[in-house]
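Report on one structure; see the data block that follows.
The values are calculated or read from the model by the stated rules, or taken from the named source; none is laboratory data. Predicted model, so just to flag it, every value in this text is computed and none were measured. We place every Cβ from the backbone using ideal geometry, glycine too, and count neighbours over all the protein chains shown. Areas reflect the complete protein model, heavy atoms only, side chains present, ligands, DNA and RNA absent. Shrake-Rupley method; radii C 1.70, N 1.55, O 1.52, S 1.80 Å.
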Amino acid sequence: MSDPERAMLLSVHPRFATAILAGTKTVEVRRQRVAAPPGTPVLLYATAPTMAIVGMARITSVQVASPQEVWSASRTNAGISRREYDEYMNGATQASGLSLEEPITFEAPVPLTALRASGSFHPPQSYRYLTGEDLRKVAEAAPVTGAALLGALNDRTAAY
């Protein structure tokens, strides 16, 4: 990666966050093009009712193609039914399948209230990239998890 402190913040429903962290869901699908290089760390923000950063994983590859092609390549690893996928992709002309590995569950999730207390934090509708400054704010919001997070990011980016 060109910026070792760059990471992605990905909003997912709690059941998908749980599945990713358990290693049973290894592909996350999105309706838009995602351009993230292999090795990009991904922080998992579990949406309501959890509303917290619950863990992280690493992108191994991103497939950008038609929704049908992404489904064909990822259906056994996407953790959703065909019906759910079709409803989510309705009207989309392009899709991305983010292959994830090395999930880490945070012992202490970083709640939205703590994230907002450390500055103006807004979870993304889908995803956004975090700068080094954003990551430092996350670390400040939850010192124990933040220290583990920054350590894991440094370990993971050292090889890239």
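Has the stretch 33-40 got any residue that is closer than 21 Å to K137 by Cα, part of a strand (DSSP E or B) and under 11 Å from the mean Cα position of the chain (by Cα)?
Within the stretch 33-40, not a single residue is closer than 21 Å to K137 by Cα, part of a strand (DSSP E or B) and under 11 Å from the mean Cα position of the chain (by Cα).
Would you be able to tell me the number of residues in the stretch 43-59 that are without any contact (Cβ under 8 Å) to a residue 60 or more places away in the chain and surrounded by 16 or more Cβ atoms within 10 Å (Cβ to Cβ)?
Count: 6.
With respect to the numbered conditions (1) in a helix (DSSP H, G or I); (2) touching a Phe, Trp or Tyr at 6+ places or on another chain (Cβ under 9 Å); (3) of a type in the set (V, I, T), which one is the sole condition not fulfilled by I80?
(1)
Taking the condition of being hydrophobic (A, V, I, L, M, F, W, C) and more than 15 Å from L112 (Cβ to Cβ), how many residues in the stretch 28-64 meet it?
10
Conditions first: (1) open to solvent by 70 Å² or more (accessible area, probe 1.4 Å); (2) among the polar types (S, T, N, Q); (3) outside any loop (DSSP other than H, G, I, E, B). S96 passes all but one, so which condition is the exception?
(1)
Would you check if there is a residue in the stretch 114-122 being under 21 Å from A19 (Cα atoms) and either open to solvent by less than 70 Å² (accessible area, probe 1.4 Å) or at pLDDT 95 or above (or both)?
For the stretch 114-122, residues under 21 Å from A19 (Cα atoms) and either open to solvent by less than 70 Å² (accessible area, probe 1.4 Å) or at pLDDT 95 or above (or both): absent.
So in the stretch 20-32, with the set limited to residues that are within 13 Å of the chain's Cα centre (by Cα) and assigned to a loop (DSSP other than H, G, I, E, B), which one is surrounded by the fewest Cβ atoms within 10 Å (Cβ to Cβ)?
Within the stretch 20-32, the match that is surrounded by the fewest Cβ atoms within 10 Å (Cβ to Cβ) is T26.
I'd like the full set of residues that are without any contact (Cβ under 8 Å) to a residue 40 or more places away in the chain and among the small types (G, A, S), limited to the stretch 74-101.
S81, G91
Just to be sure before I move on: is V110 within 18 Å of H13 (Cα to Cα), touching a strand residue (DSSP E or B) at 6+ places or on another chain (Cβ under 6 Å) and surrounded by 14 or more Cβ atoms within 10 Å (Cβ to Cβ) in the structure I sent?
Judged against the criteria, V110 is a match.
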